Amino acid sequence: TTIVRDVNFGWFVHQTHRWGAMVLLGMLLVRLWRFFIQGLYKTPREAIWIVAVLTFLVATHADLTGRLLVWDSRGYWTTVRAVEILFMLPGLGPLFVALIGGTDIDSLVLTRFYVLHALVLPALLLVLFYLHFSSVRRVGLSPAGEKGRTGRGWYRVYLYNLLILTVLIFGGLITLATLLPERFGTHADPLSTLPGARPPWYLLAAHGLVESFPAIVPRALRGLAVEAILLVCLLLPFIDRSPGRTARERRTVLALGLTVLLLWTVFTVIGYRLEAGR
């Protein structure tokens, strides 16, 4: 709030940063599905797929840590709902607790979230971006890309395309920041739960999944189910050993992928509606 209140054009920086994070997450998710549908995770591009999955996961953590820094009621209780899911993950949950300094969202956790958001996670994203682009440069994203570009002027065409894309994205962010700004809520109050507080959209499906289990199922087993899904996504190139990349050659895998997408959508709706009456 200090940036918005005391810095010239601070509101513009804040709103552009907020919408830029949402656009980045959307682009990373669409890119993952593109890789899956086109079979771009197969040999020799296993590393590209793994790096793409890790990039999306790190980007979601960067978004999550940034939500708390505003320290308003919405950001605070969104973070609380999110870390409740992360805490139940076997192995990863205790590691996350040790990393942020405890299970209670207080000033110590806020400080560590700031360090993670401003230093650690951006550095990890830069490393992952480097690994991605260096891998794409070596093997390409398609059999045609493996042969490399030839002919005159291709580098200039790339620069023009990059310039046009940059202008379009920046123009879109300015439009969203101006027409659809995020409003600040009241100051965070740990003793007053915000009605209808939900985890971020990318955790709604996990929230709906773990809450759909019967109460008799231990929370650790629920978290283990989430970890199993993430592990399958990460190791997909080594699980799908079908030789082809076309849709006809990968009918079974594509059908399973579309089923997962449908279930993800259903559990996202369930996770959203779970908090509707609270």
**OP:** With the condition kept exactly as written, say whether any residue in the range 64-82 is touching a residue at least 24 places away in the same chain (Cβ under 8 Å), closer than 22 Å to GLY208 by Cα and open to solvent by 40 Å² or more (accessible area, probe 1.4 Å).
**Re:** yes
Subject >> From ALA228, ALA215, residue being assigned to a helix (DSSP H, G or I) and either at positive phi or without any contact (Cβ under 8 Å) to a residue 12 or more places away in the chain (or both) >> reply: ALA228
**OP:** Could you grab the pairs with beta carbons closer than 7 Å, sequence gap of 6+ or different chains, first residue in the range 19-45 and at pLDDT below 95 and open to solvent by less than 10 Å² (accessible area, probe 1.4 Å), second one of a type outside the set (A, V, I, L, M) and assigned to a loop (DSSP other than H, G, I, E, B)?
**Re:** PHE35/TYR41; GLY39/ARG245; GLY39/ARG250
Subject >> Tally, over the range 1-18, of residues that are hydrophobic (A, V, I, L, M, F, W, C), open to solvent by less than 60 Å² (accessible area, probe 1.4 Å) and out of contact with any Gly (no Cβ under 7 Å at 6 or more places or on another chain) >> reply: 1
Subject >> When residues of the range 233-264 are limited to those that are among the polar types (S, T, N, Q) and farther than 20 Å from LEU141 by Cα, the one least open to solvent (accessible area, probe 1.4 Å) >> reply: THR259
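The values are calculated or read from the model by the stated rules, or taken from the named source; none is laboratory data. Small disclaimer: the values here were computed from a predicted structure and weren't measured. Glycine also receives a Cβ, built like all others from the backbone with ideal geometry; neighbour counts cover every protein chain displayed. Just so you know, the surface numbers come from the protein's heavy atoms only, side chains and all, with ligands and any DNA or RNA stripped out. Shrake-Rupley method; radii C 1.70, N 1.55, O 1.52, S 1.80 Å.
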